[in-house]
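Q: One structure, pasted below without further comment.
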Amino acid sequence: MQLDSPRDVASYRLPSSGDRPVKQFGIVLQDTEYLVLKTSLLTVGTLDANLVHPRDVSLETEGRGHGGDRADPSGDPTSSGEDVALIARLVEAGLLMDIEVVDHLILADGKIL
């Protein structure tokens, strides 16, 4: 399946990730043509916290490109300071490993905004 926009990825992931009672962090691995290679749920957190480390993503990607998605039980899809810091760390780690972080999504309240 080809997902070549953040909206496409959100539509693809929302049924399984967008309406959960706790925070989750997952990735969608894609090739250079934006074809889905694999999706993975990496961590399940609590109502208001989720610990993710670039090493978790690195182990899952095995040298493939990826985009990340988060599920937020608050229903608020706005990036928090923690979200922004996490994505910055993932982008930095990706540069070192030649893995492009294409985008990030926060899926919340079962909606695509």
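Q: With r defined as the distance between the Cβ atoms of Leu59 and Thr32 and R0 fixed at 25 Å, what FRET efficiency is calculated, to the nearest 0.05? Intermediate values should be presented prior to the final figure.
A: Working: r = 21 Å, r/R0 = 0.85.
About 0.75, to the nearest 0.05.
Q: Moving on. Quickly work out the Ala93-to-Ser11 label distance, labels modelled 7 Å from Cα along the C-beta direction, and quote it in nm with one decimal.
A: Distance between label points: 3.1 nm.
Read-outs throughout are calculated quantities, based only on the coordinates presented, and are distinct from any laboratory measurement. Just so we're clear, the structure is a prediction, and the values are computed from it rather than from any experiment. A quick note on method: Cβ atoms are made from the backbone with ideal geometry, for glycine too, and the neighbour counts reach across all protein chains shown.
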